[in-house]
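Below is one structure, written out as structure tokens, with a few remarks after it.
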């Protein structure tokens, strides 16, 4: 199977290595310096057990037209880059191509507006990694399957079933669900509640969960997400004790810095647009108040503004 992965960041590179063991994978990356580095030196993945795997031969380009039509396009870019990345992928999308999102946040409607909802596969992973250097990645791993996926229109067809069958040839645990939305929101609530708190405070999960004030803030953010989800008609069991759920999810990152904290420390744009601000917008649409998410999003946006101003 031919796969194109939009974004040669941490997740894109890890999935390129995993899927590339069985399939023909091309990375598409807009940063030309990274394309040249990967072409010249390859990249290294430090596995969860500490073993290092070096990927010598990397198919990578900044020009999707060079790739041609593929069976599967995977979008693994930051939430704010979803629309341009999906539009950039159009030359690789043929009549039978499907588009898999492996991202944080509420991004699937953005993709569906560009390629059609019937093509979209929503993917959720609890696995993560961290950059060590521009071409060295630490794959932290994670609890549960590599991917939980579902057809976004809830109408699995022959194309979707073929994609699932091919992805499972990698030997990885690929779980298919009929309704992916509760899974999306279950991961969303953890990201919305924990990531911005870490970004604003500079804390790891170990530090944040040892502090009563940050635990309280995390709980407030999570409860607002649950209120919005319920208004949208979404339910998952963990809603019944959402604070304990997000505390446990956050604890799983241990001493690693979450991606939003990494972005803030590096002066990069964050994913707050498709996380907390997405909750604020959906709350407004459904008549649900989300003051904690609005405040922390404003703080994150203010930090981004200052970094932009200093450049």
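The values are calculated or read from the model by the stated rules, or taken from the named source; none is laboratory data. Bear in mind that the values here come from a model prediction, so they are computed numbers and not experimental data. All Cβ positions, even for glycine, are placed from backbone atoms using ideal geometry, and neighbour counts span all protein chains on display.
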Exactly one condition in (1) in the same structural domain as residue 282 (by TED's automatic domain parsing); (2) over 18 Å from the mean Cα position of the chain (by Cα); (3) in a helix (DSSP H, G or I) is false for residue 194; which is it? (2)
From the residues in region 172-211 that are without any contact (Cβ under 8 Å) to a residue 40 or more places away in the chain and more than 15 Å from residue 251 (Cα to Cα), which one is surrounded by the fewest Cβ atoms within 10 Å (Cβ to Cβ)? 178
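For (1) at pLDDT 95 or above; (2) under 22 Å from residue 25 (Cα atoms); (3) part of a strand (DSSP E or B), each residue gets a yes or a no:
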| position | (1), (2), (3) |
| --- | --- |
| 96 | yes, yes, yes |
| 111 | yes, yes, no |
| 114 | yes, no, no |
| 123 | yes, yes, yes |
| 131 | no, yes, yes |
| 143 | no, no, no |
| 161 | yes, yes, no |
| 166 | yes, yes, no |
In region 1-60, which residues are in a loop (DSSP other than H, G, I, E, B), within 14 Å of residue 146 (Cβ to Cβ) and within 18 Å of the chain's Cα centre (by Cα)? none
State whether the residues of region 279-299 include one that is part of a helix (DSSP H, G or I) and closer than 24 Å to residue 142 by Cβ. yes
With criteria (1) within 17 Å of residue 179 (Cα to Cα); (2) touching a residue at least 40 places away in the same chain (Cβ under 8 Å); (3) surrounded by fewer than 21 Cβ atoms within 10 Å (Cβ to Cβ), residue 135 comes up short on (1)
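Hey, among 224, 238, which residue is assigned to a helix (DSSP H, G or I) and either touching a strand residue (DSSP E or B) at 6+ places or on another chain (Cβ under 8 Å) or without any contact (Cβ under 8 Å) to a residue 60 or more places away in the chain (or both)? Talk me through it step by step, then tell me what you get.
Working: 224 fails: either touching a strand residue (DSSP E or B) at 6+ places or on another chain (Cβ under 8 Å) or without any contact (Cβ under 8 Å) to a residue 60 or more places away in the chain (or both).
Exactly one of 224, 238 is assigned to a helix (DSSP H, G or I) and either touching a strand residue (DSSP E or B) at 6+ places or on another chain (Cβ under 8 Å) or without any contact (Cβ under 8 Å) to a residue 60 or more places away in the chain (or both), namely 238.
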Among the candidates 31, 67, 45, 35, which residue alone is modelled with pLDDT of 95 or more and more than 16 Å from residue 135 (Cβ to Cβ)? 67
Could you please find all residues in region 79-89 being touching a strand residue (DSSP E or B) at 6+ places or on another chain (Cβ under 9 Å) and assigned to a helix (DSSP H, G or I)? 81, 82, 85, 86, 88
